[in-house]
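The values are calculated or read from the model by the stated rules, or taken from the named source; none is laboratory data. Remember, predicted model here, so these are calculated numbers, not experimental data. Here the Cβ positions follow ideal geometry from the backbone for every residue, glycine too, while neighbour counts run over all protein chains shown. Keep in mind that these areas ignore ligands, DNA and RNA; they rest on the heavy atoms of the full protein, side chains included. Shrake-Rupley method; radii C 1.70, N 1.55, O 1.52, S 1.80 Å.
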Amino acid sequence: ADFDAKKKRKVAEIYQALNSDPIDVAALRRMAISEGGLLTDEIRCKVWPKLLSVNTDDLPPLPVGKELREDSKDYQQVLLDVRRSLRRFPPGMPDDQREGLQEELIDIILHVLKRNPQLHYYQGYHDIVVTFLLVVGNRLATALVEKLSTHHLRDFMDPTMDNTKHILNYLMPIIDQVNPEVHDFMQSAEVGTIFALSWLITWFGHVLSDFRHVVRLYDFFLACHPLMPIYFAAVIVLHRKQEVLDCECDMASVHHLLSQIPQDLPYESLISKAGVLFVQFPPSKLAKEAAQAERTAASTFKDFELASVQQKPDTVLRQRFRERLRGEERLPGEERTKSILTKPRTNRFVKLAVMGLTVALGAAALAVVKSALEWAPKFELEIFP
């Protein structure tokens with residue numbers, strides 16, 4: 001009952017902020033961040049546009065599918081990703097309704113890309129767009145996603161991953177400020193930050209199975225600085241500090257542990273911790289450490305190239321494997337296996353690549369690397385488990 005009273009009070013405050021003249025956006029930000037976020041999708045439809053300063057009286061007309069699809073260089077990849085997005089729709093939704101929404105999802109993405117040729121599609125973008133589609137419907141989602149893509153998500157939509165890497169480089173300095181022991185352990189394990197890539201570029205939409213948690217986080221992120229998701233990622237790692245420290249201190253074990261995100265996180269307390277950390281250690285304070293991480297990370301970030309030469313990750317991977325296999329084919333069978341298995345020690349890039357494979361496919365995969373072509377097309381990096 002106490003909770004209901006609090007909820008009623010909060011709803012009243014939100015409407016008061018919406019109805020004041022001018023609209024009290026600062027109050028709406030506070031509501032979106034504070035416990036429970038914006039509470040209902042009905043409220044989100046009204047408040048999310050205000051947080052992104054999108055004028056809802058003047059929405060562009062809806063995109064028309066057919067020409068969009070014929071003109072778009074990204075259509076095939078978007079189609080693949082959207083087809084794979086079944087679990088992002090509420091369980092029990094009738095197939096025809098879901099298929100209709102998937103068509104709308106494709107159109108929204110292609111529309112935003114067409115209107116903003118400077119933006120590049122990346123795998124995982126659809127996880128963000130589908131969240132907006134499910135909450136606010138396609139017309140408003142199109143306007144919000146366009147604004148978000150040219151602001152908060154802008155760094156992920158460059159032709160290269162340099163800016164995304166740069167944002168990930170804030171992760172370790174934040175952890176270091178709060179818990180140097182966890183930081184040093186992760187450094188020793190050489191785990192890098194790739195486990196948090198899908199968290200960051202999908203705003204956790206891809207990795208959390210409960211839609212309520214996803215929209216609660218979106219309330220929070222929409223009301224905050226664009227770097228807030230990386231603070232939230234740090235807080236999740238810190239929340240699991242004991243598990244991390246109890247882990248084998250090697251890359252594959254720590255990466256595996258961290259990339260499996262627990263579904264029962266205490267979201268409200270993590271959100272308030274992330275907010276506190278942001279105030280204590282703002283990005284400007286961490287910029288120097290992040291730049292340093294950039295230099296040391298540059299050598300380990302070859303795995304990013306593997307993880308996503310962004311536009312066509314699936315095909316790029318296949319091509320890489322073919323090139324590597326061609327090099328190996330000249331060796332007799334046994335040496336070929338040996339060469340693939342021993343190379344990681346001398347070549348960091350291959351080490352990371354193989355680590356990604358091991359984690360994604362289990363150790364058995366290493367034994368069949370020489371028949372990689374048979375499984376490479378089906379294999380997706382564990383960024384998207």
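Taken over the stretch 119-139, the residue count meeting the criterion of being of a type in the set (S, T, N, Q) and modelled with pLDDT of 95 or more is 1. For the stretch 113-141: of the residues being within 24 Å of Met93 (Cα to Cα) and aromatic (Phe, Trp, Tyr), which is farthest from the chain's Cα centre (by Cα)? Ranking the qualifying residues of the stretch 113-141, first place goes to Phe132. If you filter the stretch 145-184 down to residues that are among the acidic types (Asp, Glu) and at pLDDT 95 or above, you find that the one that is least open to solvent (accessible area, probe 1.4 Å) is Glu146. If you take the residues of the stretch 39-72 that are in contact (Cβ under 8 Å) with a residue 24 or more places away in the chain and among the charged types (D, E, K, R), which of them is least open to solvent (accessible area, probe 1.4 Å)? Among residues in the stretch 39-72 that are in contact (Cβ under 8 Å) with a residue 24 or more places away in the chain and among the charged types (D, E, K, R), the one least open to solvent (accessible area, probe 1.4 Å) is Arg44. Just checking, does the stretch 185-197 include any residue being within 25 Å of Ser34 (Cα to Cα) and either without any contact (Cβ under 8 Å) to a residue 40 or more places away in the chain or open to solvent by less than 40 Å² (accessible area, probe 1.4 Å) (or both)? Among the residues of the stretch 185-197, at least one is within 25 Å of Ser34 (Cα to Cα) and either without any contact (Cβ under 8 Å) to a residue 40 or more places away in the chain or open to solvent by less than 40 Å² (accessible area, probe 1.4 Å) (or both), which makes the answer yes.
Conditions (1) within 24 Å of the chain's Cα centre (by Cα); (2) closer than 19 Å to Phe221 by Cα; (3) not assigned by the TED database to the domain that holds Leu217; (4) not in a helix (DSSP H, G or I), marked per residue:
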residue: Lys8; (1), (2), (3), (4): no, no, yes, no
residue: Glu13; (1), (2), (3), (4): no, no, yes, no
residue: Ala32; (1), (2), (3), (4): yes, yes, yes, no
residue: Gly36; (1), (2), (3), (4): yes, yes, yes, yes
residue: Leu39; (1), (2), (3), (4): yes, yes, yes, yes
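Select from the stretch 209-259 the residues that are under 26 Å from Val279 (Cα atoms) and in a loop (DSSP other than H, G, I, E, B) and list them in ascending order. Those that are under 26 Å from Val279 (Cα atoms) and in a loop (DSSP other than H, G, I, E, B): Ala223, Cys224, His225, Pro226, Leu227, Arg240.
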